[in-house]
1. Once the Cα atoms of helix 414-423 and of the chain are each reduced to a long axis, what angle between those two axes, in degrees from 0 to 90 to the nearest 10, is obtained?
2. Hull surface divided by four, with the convex hull built on the Cα atoms of segment 1-86: how many nm²?
3. Can you tell me the 0 to 90 degree angle between the C-alpha axis of helix 138-170 and the longest principal axis of the chain, rounded to 10?
4. Rounded to the nearest 500, what is the chain's calculated 222 nm mean residue ellipticity when only DSSP H runs of at least 4 contribute -39500 (n - 2.57) each, over all residues?
5. With mean projected area of the Cα convex hull in nm² defined as stated, name the option among (i) 26.3; (ii) 21.1; (iii) 22.5 computed from the structure displayed.
6. What is the Cα radius of gyration of segment 70-140 over 2.2 N^0.38 Å, N being its residue count?
7. I need to check one value: relative contact order of the chain, counting alpha carbon pairs closer than 8 Å and at least 6 residues apart, in percent.
8. Using only Cα atoms, tell me the angle between helix 224-250 and the longest principal axis of the chain; keep it within 0 to 90° and round to the nearest 10.
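Quick note: the coordinates plus some simple rules give every number you see, no bench work behind them. Note that this is a predicted model, so its numbers are computed, not measured.
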């Protein structure tokens, strides 16, 4: 059954705030901790790794809880309403810089980041699992996923493009007050969007798990498509996180803070927010093209093709010169790479819906939340490894933070600048290549998915 356009739009609203926050965490939070909050690169890297690992591990726990939640609003949808206020509050606390000594600030960072990621899981895992109970049609799932990712990238564009101007307006890009003020605005917007999503969506499929939590877990471990897809998703998110977390440093130390570009005689500033914002808009273009491409090529083939092209364009990025013409080439590369990653983003969620259907038929377990939480887990493991790796690599190559520069007057060594170039190009290219290798063995073809859907329609209750 084809669902209404308004419900797909409403579902899309739900991923705007989580995507906004996730992009801030991935692209700006490492820079905030090292250059604004005042942590060392090593401590900031450990912090990112520990909190993201906890975040990832907690996802399946939340999936199990959500699968066994039963209310008049459904299993998963109520969490949008219940968790939205805490989501807003935790975001504000995360970007608060207390007046404490170094040890106290480090403890504050751990407590607020872990709390934020726990609440993020409590709202994002049920939201993702909603896709499995809103429609039973595989192509319709791709459509829902496309709306989700289109609005997600729209929210990400707004927060990334305006983040630096917002921090300047609220107190200054180089001040804790500026960063806190910008997050207050983003958090309040997120609260409104979660409530709107709750009001515009419904759960249409009634699924009941007939097995225990232990059997759910055992079935998941035997689920070959799950293992392969989680590996591909992990590498895909690692690709995005490495590039994204490097951008603020790349523009600070490679491009510079005052580089101007001209377009038809109009001069504008070439800064990290513009580079990332262009990427988000192009992600939206990729999302819009996902459904026709996936329907024509199949989901697996589309995923593989995109990753091959990501390898090619990432390698080419390394050879772009640091000239005015080269800056335009960087923007073109960002456009192409972002369109490709935009194609994959809704595809992954749709493929997790197919994996969930496979598990329901094969193992008689309606563990939709448990399956979808694995996608979030892969995303967060990719973010944990990628974010920490960026910080630790920079430290290993002698990168000098803003705090260090102010205290000692040191400049960036050549090795650190070379590392930044690798983090924007060759290292992500290698990660995308690993994703291709894993995807080659993924077994859920278009034909197999059709067979699974036909069998499930005979046993499901649909509203």
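1. 20
2. Mean shadow area of the hull around the Cα atoms is 7.9 nm².
3. So the helix axis and the longest Cα principal axis differ by about 20 degrees.
4. Calculated mean residue ellipticity at 222 nm is -25500 deg cm²/dmol.
5. Only one listed value fits the structure, namely (ii).
6. Scaled against compact globular proteins, the figure is 1.51.
7. For the chain, the relative contact order is 29 percent.
8. 20
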